[in-house]
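Input: a single structure, listed below in structure tokens.
Values quoted throughout were computed directly from the atomic coordinates according to the rules given, and no laboratory measurement underlies them. Since this is a predicted model, take the numbers as computed values, not measurements. We place every Cβ from the backbone using ideal geometry, glycine too, and count neighbours over all the protein chains shown.
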Amino acid sequence: MAATTSKSTGDRAETLALEHLLNHGLILVCRNYRVARGPHARGGEIDLIVRERDGTIVFVEVRSRASGVFGGALGSVTARKRQRIVLAARHFLAGLAQLPPCRFDVVAIEGQRVQWLRAAFDA
């Protein structure tokens, strides 16, 4: 039996988060949106980009922890992580013809518990 990797754990958490969001009526736009590192860009990544029924684009960070110890999943979204998500979101939005309303959510998974924090932080 293969050992569980952090990548496979993260992929499972993203799938669980996506299912949760889809069950609440959101529509998947993109999964694992990445901005490449380059000479003038530090890079960034967004786990899930979904759309609300009203057209709001939601940039979702998925965090998974086995337990709530040491701040848990929500506590692991650092200022630097938020900065990189915002950078990637700006890159994504720059490719759109019209700027829709948007927000930044976090889906925190601890064990089998899913917690969806809407508007978790601002740009």
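Below are the figures for this structure:
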| quantity | calculated |
| --- | --- |
| Burial ranking of peptide ranges 93-99, 20-26, 81-87 (average Cβ count within 10 Å, highest at the top) | 81-87, 20-26, 93-99 |
| Neighbour-count ranking [beta-carbon atoms within 10 angstrom, fewest first] of Asp105, Asp54 | Asp54, Asp105 |
| Note, ³J(HN,Hα) from phi for segment 12-27, Karplus 6.51, -1.76, 1.60, rounded to Hz, x at Gly and Pro | 5, 5, 5, 5, 4, 5, 4, 4, 4, 5, 4, 5, 9, x, 7, 10 |
| Long-range amide H partners of Val29 with built H, under 5 Å | Ile49, Val50, Arg51 |
| Under-5 Å amide H pairs with Val114, H placed in peptide plane, nonlocal only | none |
| Net lengthening on full extension, Leu96/Arg113 (0.36 nm per residue, minus Cα-Cα) | 2.7 nm |
| Contour excess over end-to-end distance, with Cα ends at Ile27 and Glu45 and 0.36 nm allotted per residue | 4.6 nm |
